[in-house]
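The values are calculated or read from the model by the stated rules, or taken from the named source; none is laboratory data. Note that this is a predicted model, so its numbers are computed, not measured. Neighbour counts run over all protein chains shown; Cβ positions are idealised from the backbone, glycine included.
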Amino acid sequence: MSTFSLNMEIADNRHYNGQLSSLFTAAEAKKALAFHSGIEGYQSTPLQSLDCLAKEFGLGKILVKDEAHRFDLNAFKMLGGAYAIARLLCDEFKLDINAFDFDKLKNDITEKMTFATATDGNHGRGVAWAANKLGQNAVVYMPKGAAVERVNSIKSLGAECIVTDMNYDDTVRLAIKTAAQNNWKVVQDTAWEGYQEIPTWIMQGYTTLALEAVEQMAEQNVKAPTHVFLQAGVGALAGGVLGYLASIYGPDKLHSVVIEPETADCIYRSGISANGEMVNVDGSLDTIMVGLACGEPNPIGWPVLRDCATQFVSCDDAVAALGMRVFGNPLGTDPRVVSGESGAVGLGLLAAIHFHKDKADLMQKMGLNKDSVVLLINTEGDTDPLNYRDIVWGGKYPTMA
């Protein structure tokens, strides 16, 4: 195949200090996993090994934690939303999260609570799913341009879904304002002054997938990954997962790469800032990676990324589209992975490096070689089926002119 060059801005983290977070420890991850494993239908999502592709790319191993198989939701987000709602209900009814029982609590609650959130799709569906499981109400706000399929999937879970004429960050502000007026509980995966506990619970909920991956790597005789690629919107997933993995393997032994779309690269810009302060990105935030279309970093996640991430990457949409196509058309005996726009950007980055005319230099810059073991997180499947087919079948967002 011919070489081609996609836009990828790769920056070393100038603020790295290796300071571990006290919020995303092994103990907290085990607590979250114990909760999730008590939900009916729970099973670990697969950790797929793309051995033929790794050989093609000149790597030792490519491992993919495939969250498209998380319950029946096609994405990882319920791990955070369900855990946070459960913690909220435990506080409200003086219950022990370690003995949480969905069915018992659903029957015991006499007055319904309403949970509100803003979402690009997957987080809102996770909140709606958890509220539905517990017989509660959910109101979900979505930014302009939300796909009809994502709206309908939220409504199918019994939630009210309101599509605004605003971008994601302004939609969050609307959800907060409306919730305050109606005495609803906000379940949002970012934080602000006076709102820290719930987003922390959400991020701790995400560590379940990381703990599962660590256990699965041990079962596959993989001692440790050398690299982890993490996509970032507000940085909640990236912060929670990196915080846990850094505590397990050591931040200095794990080459961690945080990836964003170039139109919503608030984490990247924060990483290259002079003082390590959070940098917001304004505007429409338009990208096919709708789950990453966020312009304001999570204040809980950013310190973890600032202290422990190795590199930050800002890339164009064609990188994610390339990842979707490579996932969906496996080499040799590799399994096929159905990955949505936000889920595929990690593999897209690896593929874009492989096909780049400056591959050798890029590999060296990212510390990649024949011994590298790269862990990727496929955060979602085809949550927008029509767009998935337009990209994978129709060649939308091409890599070659």
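Here is a check on your reading of the model: is residue 151 among the β-branched types (Val, Ile, Thr), over 18 Å from residue 85 (Cα atoms) and either out of contact with any helix residue (DSSP H, G or I) (no Cβ under 6 Å at 6 or more places or on another chain) or free of Cβ contacts under 8 Å to residues at least 40 places away in the same chain (or both)? Considered against the rule, which asks whether it is among the β-branched types (Val, Ile, Thr), over 18 Å from residue 85 (Cα atoms) and either out of contact with any helix residue (DSSP H, G or I) (no Cβ under 6 Å at 6 or more places or on another chain) or free of Cβ contacts under 8 Å to residues at least 40 places away in the same chain (or both), residue 151 comes out as yes.
Within the group 291, 271, which residue is buried (at least 24 other Cβ atoms within 10 Å of the Cβ), closer than 16 Å to residue 379 by Cβ and in contact with a helix residue (DSSP H, G or I) (Cβ under 9 Å, 6 or more places away or on another chain)? Even if it seems obvious, please write down each step before you answer.
On the way: 271 fails: closer than 16 Å to residue 379 by Cβ.
Within the list 291, 271, the selection yields 291.
The rows are residues; the columns are (1) surrounded by fewer than 16 Cβ atoms within 10 Å (Cβ to Cβ); (2) of a type in the set (A, V, I, L, M, F, W, C).
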{"site": "16", "(1), (2)": "no, no"}
{"site": "34", "(1), (2)": "yes, yes"}
{"site": "57", "(1), (2)": "no, yes"}
{"site": "64", "(1), (2)": "no, yes"}
{"site": "81", "(1), (2)": "no, no"}
{"site": "92", "(1), (2)": "yes, no"}
{"site": "96", "(1), (2)": "yes, no"}
{"site": "105", "(1), (2)": "no, yes"}
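Of all residues in segment 278-318, those satisfying the criterion of being closer than 11 Å to residue 236 by Cα, part of a helix (DSSP H, G or I) and among the hydrophobic types (A, V, I, L, M, F, W, C) are 292, 302, 304, 305. Across segment 210-239, the qualifying residues are those that are under 21 Å from residue 372 (Cα atoms), in contact (Cβ under 8 Å) with a residue 24 or more places away in the chain and among the small types (Gly, Ala, Ser), and the one among them that is surrounded by the most Cβ atoms within 10 Å (Cβ to Cβ) is 238. Every listed requirement among (1) within 26 Å of residue 123 (Cβ to Cβ); (2) at pLDDT 95 or above is met by residue 383 save one, (2).
Looking only at residues in segment 367-401 that are among the aliphatic types (A, V, I, L, M) and crowded, with 21+ Cβ neighbours inside 10 Å, the one that is farthest from residue 210 (Cα to Cα) is 391.
Only one of the numbered conditions (1) within 21 Å of the chain's Cα centre (by Cα); (2) modelled with pLDDT of 95 or more; (3) assigned to a loop (DSSP other than H, G, I, E, B) is not met by residue 239, and that is (3).
Is it fair to say residue 82 is under 30 Å from residue 151 (Cα atoms), of a type in the set (Gly, Ala, Ser) and in the same structural domain as residue 302 (by TED's automatic domain parsing)? Even if it seems obvious, please write down each step before you answer.
Details: under 30 Å from residue 151 (Cα atoms): yes; of a type in the set (Gly, Ala, Ser): yes; in the same structural domain as residue 302 (by TED's automatic domain parsing): no.
No.
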